């Protein structure tokens, strides 16, 4: 009697393994994509928090030259998925960012609203206090980059 030397897998076994892997990928891929998007939004919230802190610190700094100070009023900063690099600060808001070491800014996630852009308005009070608010409409009230609300 001749002995069969079965080394390896049969075609049916390979197809079963591939089918199991396809089902697992089909179930896990959407969850992974949601996880990645939440990570991007979390990064955006942290970056915006750093920008707000930088502007508040700059406004409170008595060593800033008079011409470069943030005066009473409103300043807007538009964030988009395209990174904006500050080469030569065009206004005092950008000077505040450069003074804090922020040379570029942008968003990692495009899911903050329908346009993908986020406009943050900084309001400087007469006492030098700075408040910030997201002024672009969002798809839902649960999305606010300044307040740190995201899904």
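Observations on the model:
- Pairs with Cβ under 6 Å, 6+ apart, first in segment 36-51 and on the phi < 0 side of the Ramachandran plot and assigned to a helix (DSSP H, G or I), second loosely packed, with under 14 Cβ neighbours inside 10 Å and at pLDDT below 95: 45/148
- Applying the set (1) touching a strand residue (DSSP E or B) at 6+ places or on another chain (Cβ under 7 Å); (2) without any contact (Cβ under 8 Å) to a residue 60 or more places away in the chain; (3) assigned to a loop (DSSP other than H, G, I, E, B) to residue 70 leaves exactly one unmet item: (2).
- Residues satisfying the criterion are absent from segment 57-64 (criterion: surrounded by 13 or more Cβ atoms within 10 Å (Cβ to Cβ), touching a strand residue (DSSP E or B) at 6+ places or on another chain (Cβ under 8 Å) and part of a strand (DSSP E or B)).
- Among the conditions (1) surrounded by 10 or more Cβ atoms within 10 Å (Cβ to Cβ); (2) free of Cβ contacts under 8 Å to residues at least 40 places away in the same chain; (3) assigned to a helix (DSSP H, G or I), the only one that residue 12 does not satisfy is (1).
The values are calculated or read from the model by the stated rules, or taken from the named source; none is laboratory data. Computed from a predicted model, the values in this text were never measured in an experiment. Backbone-built Cβ (ideal geometry, glycine too); neighbour counts: all protein chains shown.
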